[in-house]
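Note sheet for the following structure.
The values are calculated or read from the model by the stated rules, or taken from the named source; none is laboratory data. Treat the numbers as computed from the prediction; the structure is a model and nothing was measured. Cβ: placed from backbone, ideal geometry, glycine included. Neighbour counts: every protein chain shown. Heavy atoms of the whole protein, side chains included, go into the accessibility calculation; ligands, DNA and RNA do not. Shrake-Rupley method; radii C 1.70, N 1.55, O 1.52, S 1.80 Å.
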Amino acid sequence: MKTLRILSIVTLILLSSCDPPFHSEPEFVGYNLYLSFQDIAGNDLVKEIELNDSSRSVKDALYTLDIIISEPCWNWDNDIYNAPARPGFEPDVNRPTFGLSRYNEYSYLTNQFGLPIDDCPKQEMLTYKIKCPYIFGDDAVHELVTYWEIPNERNPSAKCYRITFEGNEVTPSPMDKYDYNYTAAIILE
């Protein structure tokens, strides 16, 4: 009984005198976009794109992806399309990339982009600059302008409600089971 009493007192002292370490991850707004590129006949132009062996990401040499945010913030530099350098951090780590996913019988280039909630204004418009000869058949940079609604909650996922591409407007839709991912079919003429 005496041992139990001493153990209880020691436990109480430890719990009341030591604060547990507090580590808080930054909270982000996620901009999750899945893009299917098709020709006018509905043929999947992404289906055979080459992937990195170790992941489901598209080979870096096949494309460039630059994302322009509409409201500047310290955590994203529109001039280098990346998070700016700071001590202990290499900017190349955060370059935007494309993954590949299959959904509704089509292949989608996927991109999950995020910005800290407390450090950046809400980005209601993002411009995606894409150069991909495999899909477009040229070396030109093609721009998609995306429009987003940001919910007022912690760790929200933005809702994409419109995309403009080469004079055409596309209405994206949420994925069935993953309503934080927005899909759109871009038809190339």
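Observations, loosely collected:
- Across all directions, the shadow cast by the convex hull of region 78-140 built on its C-alpha atoms averages 6.6 square nanometres.
- Temperature 20 °C, viscosity 1.002 mPa s: under these conditions the Stokes-Einstein estimate for region 28-187, based on its Kirkwood radius over C-alpha pairs, is 131 µm² per second.
- Averaged per residue, region 28-187 has 54 square angstrom of accessible surface, using a 1.4 angstrom probe with ligands and nucleic acids left out.
- LYS129-GLU189 FRET efficiency (beta carbon distance; Förster radius 22 Å; 0.05 resolution): 0.65
- Of the chymotrypsin sites (Phe, Trp or Tyr not before Pro) in region 21-126, the ones in a loop by DSSP (not H, G, I, E or B) with at most 16 other beta carbons within 10 Å are PHE22, TRP74.
- Label zone of GLU153 (point 7 Å out along Cα→Cβ, amide N under 14 Å): in region 119-142 this covers no residue at all.
- Efficiency of FRET from Cβ geometry, LEU62 and ARG162, R₀ 30 Å, rounded to 0.05: 0.65
- Within region 138-174, the trypsin sites (Lys or Arg not before Pro) that combine a DSSP coil assignment with at most 13 other C-beta atoms in a 10 angstrom radius are ARG154.
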